[in-house]
Amino acid sequence: MRNLKFVVLLLLPILLSSVLISSKSPPVQMMAALVKPGVFRHVTCLNNMYPRSGVLRFPVAEEQVFWSEPYVEYCPPSYTAPHIGGQVWADAPLPSETFQPKWNHNDGQVNRESFHGAYEIKDGLPRNPIGRTGLSGRGSLGRWGPNHAADPIVTRWKRNSNGEIVDNAATGKNILQMVAIQRSDNRLWAIPGGMVDPGENVSATLKREFTEEALNFTDNANMVEKFFTEGGVHIYSGYVDDFRNTDNAWMETTALNFHDEDGSQVGQLKLVAGDDAANVRWTDVGSSLKLHANHADIVREVAIKRDAHW
Ligand code: BGC
């Protein structure tokens with residue numbers, strides 16, 4: 001008993017400090033809870049033809065995704081789309097004498113850190129933290145390693161013509177609606193997000209992408225500015241099961257929810273598709289929602305947080 005008290009006293013400062021640290025900044029593991037390396041297996045970037053190329057991914061069965069699982073025959077083709085060469089948003093080819101990126105590091109211009117902790121460097125190239133994709137090189141992604149995006153999930157409550165909130169008959173929960181865009185690259189509906197530009201801060205990306213893709217720069221700039229500045233709720237930071245991922249380049253995102261509780265702000269705006277969005281609309285949120293990559297899993301977190309119908 002005495003020994004137990006002694007151990008507790010000894011451990012108390014450590015326990016307290018870890019509680020204090022976690023209340024300040026959520027630990028990476030918690031932020032990336034939807035996708036955990038070693039648990040989550042990607043599916044979208046497997047066993048298909050790489051988009052806009054004639055390159056077939058090397059076969060990878062579900063149980064061969066993790067690097068920890070032996071796969072001696074694994075010999076993925078290498079592909080980097082020719083159109084990314086020389087683009088300002090893209091890295092130089094590797095290996096290179098002059099281009100020596102600082103892996104797992106954010107230099108303020110390019111964030112090469114992953115939300116899943118330090119990724120491995122194998123034969124001079126970053127290794128996808130989730131596992132094999134059947135393709136090496138960068139595909140059509142600009143950066144080696146993580147390519148950071150930001151996704152604004154803009155929501156309002158669904159209302160009838162009298163302005164009353166509509167609930168779902170089965171769950172009895174109110175129905176959320178989100179702004180979804182139809183991507184012009186794969187024609188799938190998605191959150192209107194986009195890539196974080198060099199040196200850009202994620203909150204600027206969230207607002208910029210929404211304005212470009214869902215409002216096509218229409219007026220109401222002040223209201224949109226205020227709506228975004230007044231706060232978003234952090235939903236997810238981590239890997240995205242994107243169709244463009246390769247063994248050496250992959251998508252990660254930071255998703256925030258911007259909610260118009262009484263539908264008087266962005267909830268009122270006329271949506272106009274712009275930039276790389278083919279269409280835009282308010283979409284009911286629920287378990288039948290099918291979206292690009294693992295966006296539906298991210299939206300589900302919003303429904304849970306707002307105690308909405310799913
Ligand atoms: C999109 C983001 C998405 C990311 C990963 C980007 O092209 O704009 O919405 O989260 O890709 O799929």
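Just so it is clear, none of the values below were taken in a lab; they were calculated from the coordinates. Given the structure is predicted, the values throughout are model-derived calculations rather than measurements. Glycine gets a Cβ as well: all are built from the backbone with ideal geometry, and neighbour counts include every protein chain shown.
Classify the chain as rounded, prolate or oblate from the Cα gyration tensor: take a ≥ b ≥ c as the square roots of its eigenvalues, call it rounded if a/c is under 1.5, otherwise prolate when a/b beats b/c and oblate if not.
Oblate, because a/c is 1.5 or more while a/b does not exceed b/c.
Only Cα pairs under 8 Å and at least 6 apart count here; give the relative contact order of the chain as a rounded whole percent.
So the answer I get is 22 percent.
As a quick test, which of the pairs K122/K207; K36/K158; K207/K270; K173/K270; K158/K305 have an alpha carbon distance above 28 angstrom in this structure?
K122/K207; K36/K158
Convert each backbone phi in the range 216-229 into a coupling constant with the Karplus relation 6.51 cos²θ - 1.76 cosθ + 1.60 (shift: θ = phi - 60°), then list the ³J(HN,Hα) values in order as whole Hz, x for Gly and Pro.
The phi angles translate into 6, 6, 5, 4, 6, 3, 5, 5, 5, 4, 5, 4, 6, 6 Hz.
Work out the charge dipole of the range 54-129 with +1 on the Cβ of Lys and Arg and -1 on the Cβ of Asp and Glu about the Cα centre, then indicate which of H105, P76, G117 is farthest towards its positive end.
Most positive-ward Cα: H105.
Take the alpha carbon atoms of the range 181-254, find their center, do the same for the range 37-91, and report the distance between the two centers in whole angstrom.
The two parts, judged by their Cα centres, are 24 Å apart.
Quick check on the chain: helices-only [θ] at 222 nm, where DSSP H runs of length 4 and up contribute -39,500 (n - 2.57) each and the sum goes over total residues. Nearest 500, please.
Per the formula, -6000 deg cm²/dmol.
Are there any trypsin sites (Lys or Arg not before Pro) in the range 269-310 that are in a DSSP loop and have at most 13 other Cβ atoms within 10 Å? List them by number.
Sparse-neighbourhood loop trypsin sites (Lys or Arg not before Pro): K270, K290.
Could you derive backbone 3J(HN,Hα) for the range 157-166 from the dihedral phi with the Karplus parameters 6.51, -1.76 and 1.60 (θ = phi - 60°), listing whole Hz in sequence and x where the residue is Gly or Pro?
Result, ordered by residue: 7, 6, 10, 8, 5, 8, x, 8, 5, 9 Hz.
Can you compute the charge dipole magnitude of the chain about its Cα centre, using +1 on each Lys and Arg Cβ and -1 on each Asp and Glu Cβ, nothing else charged? Give it in debye, rounded to the nearest 20.
With Lys and Arg at +1 and Asp and Glu at -1, about 620 debye.
Would you pull out the residues with amide H under 5 Å of V280's amide H, same chain only if 5 or more places away, H placed 1.01 Å from N?
Long-range HN contacts for V280: Q182, A273.
Through the Karplus equation 6.51 cos²θ - 1.76 cosθ + 1.60, θ set to phi - 60°, convert the phi angles of the range 60-67 into ³J(HN,Hα) values in whole Hz; use x for Gly and Pro.
Per-residue couplings from phi come out as 9, 6, 3, 7, 9, 5, 5, 4 Hz.
Arrange the following residues from fewest to most other Cβ atoms within 10 Å of their Cβ: M251, M49, M178.
Ranked by crowding around the Cβ, least crowded first: M49, M251, M178.
Would you work out if the range 97-141 is rounded, prolate or oblate? Take a ≥ b ≥ c from the square roots of the eigenvalues of the alpha-carbon gyration tensor; rounded if a/c is under 1.5, else prolate when a/b is larger than b/c, oblate otherwise. Please report the intermediate quantities before stating the final value.
Details: a/c = 1.70, a/b = 1.26, b/c = 1.34.
Because a/c hits 1.5 or more and a/b fails to exceed b/c, the range 97-141 counts as oblate.
Given contacts defined as C-alpha pairs under 8 Å and at least six residues apart, what's the relative contact order of the range 198-304, whole-number percent?
Values: 110 pairs, mean separation 33.3, N = 107.
Contact order relative to length: 31 percent.
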